[in-house]
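So the structure is just underneath, and the comments pick up after that.
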């Protein structure tokens, strides 16, 4: 060890440091002339710079920058490019969910394949026929109140129709397999809405919001625990097609079809009215639980054609569009006519569905004029039920409060 230290320590084999003091030249600058020398140096550097005019690249860049505004959408073209080929860059707006779905269904290469796949799997996600008769503590009226409340929740948080229909599908499928008590029915609906919102919505409401809509009857931990039970009982199958899914397909196909020359206003009215009829079917488990979702959507579309006095679809067109015939749709159509007539004279304040589709803030003027009378008619519209409240023939003495003293 000492030997190694002695080997590392000697420095006689190293190169000696070079003494550069003799080679270095120092210049003594007078402090009085320091300021003058600095000015002369800056002038010399300025003379060696290239003028701006002699740099065409920077000049062109500054010219473009001075002429370009942020609001301009027209692209600046080089002088070397032919001006006849000038094009403009358009500002595109973000598409809504409905527009994206229409673009998906309008793809001719995949449209029929998507529809065939949805038709082949819709029976897997369908509830059992007359599933409410197996419930001991809950009846059909309670389910109707629950679905009506879910419609109100959908409007409160501005959720899509896909979320509402998928939520009701979860509720019906769960009620088909599990016996639910009255105290847990609202918890079931809230949890299904929470799961459907996470599946369909881009920005679903927070968990605390779903606890708040129940007036804090259920805590967040109750909803999370119920979510585990619902997903397990549904066998983690959450992507089932609904009647609204098939209705969107039918409407998109009609819009692109050349056999129906429907203008935009008529198309809009047809969409709103058929969607309203589909929403009405959610309130009734019987007899609509025994029909396929595609058949319900086709019946709503045909009945909407009838209500709007449009030219009915031919048998071949209906068969090609929905794979159903008029005979297949008769039974479901009769059930639709019955629930529509019952809701036609129902009080608007007692139904969230009516308040949703009769709200003038959410609908256009055309919808109010053409579709309002087809959805609902108040009792005051009949001449027999109108009460005359004119006070012309009433004696003022009869109205006096002296008789009541």
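The numbers here are math on the coordinates, done by the rules we state, and not lab data. A quick note: this is a predicted structure, and the numbers were derived from the prediction, not measured. Heads up, the Cβs are rebuilt from the backbone with ideal geometry, glycines too, and the neighbour counts pull from every protein chain shown.
Using C-alpha pairs under 8 Å with a sequence gap of at least 6, the mean separation divided by the residue count of region 103-249 gives a relative contact order of 30 percent. In terms of its C-alpha gyration tensor, region 261-338 has an oblate overall shape, because the principal axis ratio a/c (a ≥ b ≥ c, square roots of the eigenvalues) is not below 1.5 and a/b does not outweigh b/c.
Annotation: the residues 195, 138, 171, 124, sorted from fewest to most other C-beta atoms within 10 Å of their own C-beta, follow the order 124, 138, 195, 171. Reducing region 273-294 and region 143-222 to their Cα centroids gives an inter-centroid distance of 18 Å.
As a proxy for reagent exposure, 286, 370 were ordered by neighbouring Cβ count within 10 angstrom, fewest first; the result is 286, 370.
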